[in-house]
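In what follows, a structure is listed as structure tokens, so that the remarks can point back to it.
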Amino acid sequence: MSLPSKTATSLGLIVNELATNAMKHGFQAGEDARFAISLSEIADDEQHVLEVANTGVTFPPDVELDNPSTLGFRLVSALVGQLKGTIELLRTPSAQFTIRFPK
């Protein structure tokens, strides 16, 4: 798929921030860290979907993406806003972020 460089840069920064956060806070030393990243198009809805998941410890219930309290999540929220997108967090069985943004 082809994306404008500005969009690709924002997506790269989002993936980097989510992966860095998972490595710092979601895994214990020596634990097998696994990540899954997918980017797809939904033709009917005229949108792209980025999914970023990992096998680490999930987020506690007090972590809110609508009102982020950490610098990392504020950055992710701002980048998603630049894409005119939305972000969802599925907490179980492990963390999965779904970001939808228009084509």
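Which of (1) more than 16 Å from the chain's Cα centre (by Cα); (2) more than 19 Å from E88 (Cβ to Cβ) is the odd one out, the single condition D45 does not satisfy?
Failed condition: (2).
Residue-wise test of (1) out of contact with any Cys (no Cβ under 8 Å at 6 or more places or on another chain); (2) closer than 17 Å to I99 by Cβ; (3) not polar (S, T, N, Q).
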site: T20; (1), (2), (3): yes, yes, no
site: H25; (1), (2), (3): yes, no, yes
site: G30; (1), (2), (3): yes, no, yes
site: D45; (1), (2), (3): yes, yes, yes
site: G56; (1), (2), (3): yes, no, yes
site: V63; (1), (2), (3): yes, yes, yes
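Scan segment 10-25 for residues that are more than 15 Å from T70 (Cα to Cα) and surrounded by 17 or more Cβ atoms within 10 Å (Cβ to Cβ) and jot them down.
Answer for segment 10-25, where residues must be more than 15 Å from T70 (Cα to Cα) and surrounded by 17 or more Cβ atoms within 10 Å (Cβ to Cβ): S10, L11, V15.
Please find, within segment 54-63, the residue that is modelled with the highest pLDDT out of those that are under 12 Å from N21 (Cβ atoms) and buried (at least 16 other Cβ atoms within 10 Å of the Cβ). Outline the logic, then answer.
The first filter runs over segment 54-63 and keeps only residues under 12 Å from N21 (Cβ atoms), leaving 54, 56-57, 59, 63.
This time we only want the ones that are buried (at least 16 other Cβ atoms within 10 Å of the Cβ), so: 54, 56, 59.
On the way: N54: 87, G56: 80, F59: 77.
Filtering first and then ranking leaves N54.
Among the residues of segment 22-34, is any out of contact with any Phe, Trp or Tyr (no Cβ under 8 Å at 6 or more places or on another chain), polar (S, T, N, Q) and at pLDDT 90 or above?
Just the residues of segment 22-34 that are out of contact with any Phe, Trp or Tyr (no Cβ under 8 Å at 6 or more places or on another chain), to begin with: 23-32, 34.
Retained after the next criterion (residues that are polar (S, T, N, Q)): 28.
Filter once more, keeping what is at pLDDT 90 or above: none.
Checked segment 22-34: no residue is out of contact with any Phe, Trp or Tyr (no Cβ under 8 Å at 6 or more places or on another chain), polar (S, T, N, Q) and at pLDDT 90 or above.
Which of the residues spanning segment 64-95 are out of contact with any Ser or Thr (no Cβ under 9 Å at 6 or more places or on another chain), of a type outside the set (G, A, S), closer than 28 Å to S2 by Cβ and surrounded by 15 or more Cβ atoms within 10 Å (Cβ to Cβ)?
L75, V76
The values are calculated or read from the model by the stated rules, or taken from the named source; none is laboratory data. In this text, all values refer to a predicted model and were calculated from it rather than measured experimentally. Using ideal geometry, Cβ is built from the backbone for each residue, glycine included, and neighbour counts are taken over all protein chains shown.
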